[in-house]
Each structure stands twice: as C-alpha cells, then as structure tokens.
Amino acid sequence: MAYGHVYTVRHNAAVSTAITILQIKTGAASPAEILRAWINQRGSTTSAQEEITLLRKTAAATVTTGAVGTHVFKHRNGDPTPDLSLGTAATGVIGTAEGTDGDIIERYGFNVLSGWEKVYLPEERIVIPAGGIVALKFFTAPANQNWQFGMDVRELG
C-alpha cells in the first residue's frame with residue numbers, strides 16, 4: 001500500500017436544507033482513501049436525531065470551491081499542495097445544485113449532542129478512484145444548526 005500525504009477537508013456552516021455539505025474529487029492521476037469522516041454541531045443543547053450519508057457522486061454537485069488553507073489543510077508542514085481537484089464542480093463545500101448521486105456507501109443516524117465520527121480501519125477504508133467524487137450529504141433537511149464536518153484523506157498516487 002502506498003503511503004501518501006494526508007489532508008483534511010473541513011468546514012463549518014449553518015445548514016437547514018437537504019444538500020451536499022462536503023464533496024471531495026480526487027485528481028486525474030491520484031486516487032485517495034478516506035481515513036476519517038465526521039459531523040457535529042455547536043450551539044444546541046436539545047437532544048435530536050439527524051442522519052448523514054456518505055455517497056459517491058456520478059456528476060459533481062455545484063459547491064463553493066475548496067481552498068487550501070481555508071477548507072483543505074495539510075497535516076505536515078512542507079507537504080505539497082494536494083492533488084485534489086478544487087473547483088465549483090470538484091472539491092468544495094455547501095452545494096447549491098446537487099449534480100447526480102451515485103452509490104450510497106453508508107447512512108448514519110446520530111444524536112446532535114454527540115455528533116458522528118467514523119475512523120476507518122485499514123481493511124475497510126473507502127478508496128476514491130482517480131477523478132472520483134465522494135460526498136457527505138443530508139438527504140433530509142436537518143434542524144438549523146451551525147454544523148462542523150469534514151473528512152481526512154490520504155492521497156495514494
């Protein structure tokens with residue numbers, strides 16, 4: 001297994017609609033694997049259930065472009081700029097148009113007071129092929145909260 005550089009794509013935003021909240025598109029020659037994904041909120045003290053979905057996209061959602069240092073972070077000083085494709089139809093946050101959903105990888109229910117986090121064991125890591133797209137999405141509108149969410153990925157190319 002190749003051991004490439006690790007990057008975090010993350011954001012926080014008030015969300016109250018069913019929408020793609022984070023999308024990762026790998027570079028044309030650089031597959032990646034998901035190491036961890038999470039979502040939580042700050043502000044609410046009321047127990048409530050929500051659901052988040054991790055899925056593949058066959059056509060990208062239109063998102064706010066992910067920017068290195070704003071949404072995309074290197075894990076080590078001196079790491080190169082990621083090969084992730086950055087753009088409004090690539091790696092970014094908070095969709096304004098959905099594109100086309102593909103396979104649902106996983107759907108999780110979670111309590112807003114505890115959030116949700118998935119750390120993938122090596123044998124269960126999800127590989128995003130070169131040029132592939134994976135997203136975190138609310139299929140149903142969540143309660144209006146200030147959500148914090150992200151994914152850690154390791155580039156394999």
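Every number in this text was worked out from the coordinates using simple rules, so none of it is lab data. Here the structure is a predicted model, which means the values were calculated and not measured. Backbone-built Cβ (ideal geometry, glycine too); neighbour counts: all protein chains shown.
For the charge dipole of the stretch 43-120, defined by +1 on Lys and Arg C-beta atoms and -1 on Asp and Glu C-beta atoms about the Cα centroid, which residue among Thr58, Ser47, His71 has the Cα displaced farthest towards the positive pole? Sorting the options by dipole projection puts first His71.
When you count the other C-beta atoms within 10 angstrom of each residue and take the mean per peptide, 70-81, 24-35 line up highest first as 24-35, 70-81. Peptides 117-129, 36-48 ranked from most to least packed by the mean count of surrounding Cβ atoms within 10 Å: 36-48, 117-129.
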